[in-house]
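A short write-up of the structure that comes next.
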Amino acid sequence: MSPKNNVAFSVLLVRHAPVQGKAGVCYGRQEVELCPGWEALVENLFVFVKKLSCTNIYTSPSKRCYEMADRLAKKAHITLIVDHRLLELNFGLWEGQRWETIDRSQLDLWAMCPETFAPPKGESGLSLCQRVKSFWQEIVQKKQSVCVISHGGPLRVLKSLAIGEQPYLLAPSMPQGSFCLLPIYGDNPFLSKAGK
């Protein structure tokens, strides 16, 4: 059976639309506003959500994700589920600071071991991976096509899990406002061939 005919379900990963006025700022858990025009992205996503027959839309509770997810769920008439495991990494005392002003030695420690390092009063990469893996395992068990709207960090981990790779926490993030379709194949529900 060809892989094309062996797709068990699909996961549409979506990074929230671009945000206003935060270039160069660490804002993981801070609430920020979406740039005007984000509604057009929802219109584009609607086509994919309907074509895939998504049963649910999962979203981070952050406003920049929830606003998009709520609008999309209402337009598509499907269930919206807010899941705190999809929140961005908690950067603790780094939140709201410009990256260039954060202690360079701390950033170097983070770069050397992003799994175990946690910013002061923040969250380690391992903690992020564990909560996202828990979410992913639930998605795989349900075997239903879904849409997931989240942030760069969680989406990076989700995509790695879907293609059977170890997450590299400092890999480039999906651009804001982009999406990635992951067909999950029936012969191995933990593996997929990620769309580009």
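Tell me which residues, restricted to segment 72-129, are farther than 21 Å from residue 24 by Cα, among the charged types (D, E, K, R) and part of a helix (DSSP H, G or I).
74, 75, 85
Any idea how many residues of segment 1-43 are under 17 Å from residue 150 (Cα atoms), without any contact (Cβ under 8 Å) to a residue 40 or more places away in the chain and not in a loop (DSSP other than H, G, I, E, B)?
3
Suppose we keep only residues that are touching a Leu at 6+ places or on another chain (Cβ under 8 Å) and part of a loop (DSSP other than H, G, I, E, B) within segment 47-71. Which one would you say is nearest to residue 27 (Cα to Cα)?
62
Could you tell me whether residue 128 is within 17 Å of the chain's Cα centre (by Cα) and either touching a residue at least 60 places away in the same chain (Cβ under 8 Å) or farther than 18 Å from residue 56 by Cβ (or both)?
yes
Just need a number here: residues in segment 114-172 that are farther than 21 Å from residue 184 by Cα, among the hydroxyl-bearing types (Ser, Thr, Tyr) and surrounded by fewer than 19 Cβ atoms within 10 Å (Cβ to Cβ).
2
No value in this document is a laboratory result; all are computed from the given coordinates. What you see is a predicted model; the values in this text were computed from it and never measured. Here Cβ is always computed from backbone atoms with ideal geometry, including for glycine, and neighbour counts include all displayed protein chains.
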